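What follows draws every value from the coordinates through simple rules; no lab data is involved. What you see is a predicted model; the values in this text were computed from it and never measured. Backbone-built Cβ (ideal geometry, glycine too); neighbour counts: all protein chains shown.
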Amino acid sequence: MAVTSGDENIMHGFVLTAIICAALALILRLGERGIQHLGSVRSALLLMLMVWLGTPALAAIPLLMAEPQTPYILAYSDAMAQLTTTGGQILSFASDREPVIFWRGLLQWLGGYLSILLALAVLAPLYLTGPGVYRSSLLSVDKEDLSSRIGSLSMIVASVYGTASLGVMIWLLLAGAPFFDAMIAMFGSVSTGGILPGVSSFDAVAGRIGAWGGAIGMLIGATSFTLHWELHRGRVWHFSDPETLGVLAMAALSAVLLFLMGAHLSPAILNGITLATTNATPMTKGGTSLLPLPITMSIVLVGGAALSTAGGVKVIRFLLLFSRTGSELFKLSHPSAVKPTRFRGQTIPESSFTNLWVYVLGYAGALGFLIVVVAAFGADFEEASNAAVAAISNAGPSFLAGPGGPGDFSHLSPPALLALSLGMALGRVEILAVLALLSPEFWRE
């Protein structure tokens, strides 16, 4: 695309990136000869951390070369926003620079794929996606040998993710979208990244019918891919699954609030879906701007299902906390009763709730620290809070303070953008994994 459009700067960026990646691949390939891969917990977590922090460093090169005067930290932040499916805009490019738009969209799409694959291969076997996660053949990975099925998992995820993406793409094309616009909108839909091809709302791509196709893609992306995988066996368990019902309930609640604030029914439903899935891109003119900012921030913080492309705390954790609250209230009136907390037919042990509370406290602490850092570098409290929530919940377009519209972080200072980039990566790595990496016990033999 860069060659045919005559965009030499970004063409050189792609060539340089290919050379660097090939060199790194060769070095790693030669260096691993004769080494047995044990797939330990430590190596798995380090691999995941390197993927989310290191890949944007390479992905930033074409963006840097596209505008040579751009500081590298801004290009890195922009690449991080795309790869973590946060979808924020740090660098400004003309809408007719199709290679740049395509690269951003492709990064979002690949980031959605990586988030599912790493959740299945690393987080789920280590029980870091939340207790009570749906049981599936995809999760039958021995935590002592986490690398044993990475190849087969990558192919399975690619088939499910690719099929969903192709379906959304066909829908948009049939709705009348130009091929390039349909492809970019599809990238942002299934990945819940929210990129749009130079328009301000999703319905500008292919009308209201096209927007409904995009909304369906967002719901597919924000619900568990273990459930989507079971469809090939003829098992449709989505509407009996508490996580899926939780995501739909959050979308319905958001739609009702938008409707009560004056939106028409169809736009209210569409924008309710984009908020509940942490895509957060405006589906219609005005988008979610009718909602008070604290409500918008609360919805995206809840997030989608575990083992999905959505960000946020994840709805499963809130469902478990509500179940636990019901058990505790029952014990207040029946002190001698034994009432275990059950979820998806499983009895959730006490240790799981300890981990859950550690996660919630760690998430709140990380969010508070991020707000303080962003505010320290020039943002006011409301803007810093909105930016921090949008970053750590991987819902960039929910940041409404930027001069360029939803998701525009470009006016923030470079140190604040770097802090937000780390927050975006943190939203993908999971708080408990980071706490484990920071623990001295984790590094002792």
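Here T70, T325, T244 are placed in order of increasing Cβ neighbour count within 10 Å, fewest first, which gives T325, T70, T244. For the range 304-354, taking Cα atoms only, Rg and Dmax work out to 12.9, 43 Å respectively.
Under the rule of -39500 (n - 2.57) per DSSP H run of 4 or more residues, summed and divided by the residues of the chain, what mean residue ellipticity at 222 nm is obtained, to the nearest 500 deg cm²/dmol? It comes out at -20500 deg cm²/dmol, rounded to the nearest 500.
Note on S240 and S333: the extension gain reaches 30.4 nm, defined as 0.36 nm multiplied by sequence separation minus the Cα-Cα distance. Check every DSSP H run in the chain and write down those whose alpha carbon atoms cover 15 angstrom or more along the long axis and whose mean Kyte-Doolittle hydropathy is 1.6 or greater. Length and hydropathy pass: 8-31, 41-66, 150-174, 179-190, 242-260.
Extending 7 Å from Cα along the Cβ direction at M155 and again at W443 yields two label points whose distance is 3.9 nm.
How large is log10 of I(q)/I(0) for the range 351-443 at q = 0.12, 0.19 Å⁻¹ when the intensity is taken from the Debye formula with one equal scatterer per alpha-carbon? For the range 351-443 at q = 0.12, 0.19 Å⁻¹, log10 I(q)/I(0) is -0.39, -0.84. A straight Cα-to-Cα reach below 17 Å connects K339 with the aspartates and glutamates E328, E350, residues fewer than 8 places away in its own chain not being considered. The modelled label-to-label distance for the pair E8/A376, using points 7 Å beyond Cα in the direction of Cβ, is 4.4 nm.
If you plug the beta carbon distance of T325 and L53 into 1/(1 + (r/R0)^6) with R0 = 35 Å, you get a FRET efficiency near 0.45. For the chain, the C-alpha radius of gyration sits at 0.96 times the compact-globule guess of 2.2 N^0.38 Å, with N the residue count.
How much length would be gained if the chain were fully extended between W357 and V256, taking 0.36 nm per residue of separation minus their Cα-Cα distance, in nm to one decimal?
33.3 nm
If you build a Gaussian network model of the chain, linking Cα atoms that sit under 10 Å apart, which residue out of L49, L432, L174 swings the most? Largest GNM mean-square fluctuation: L174.
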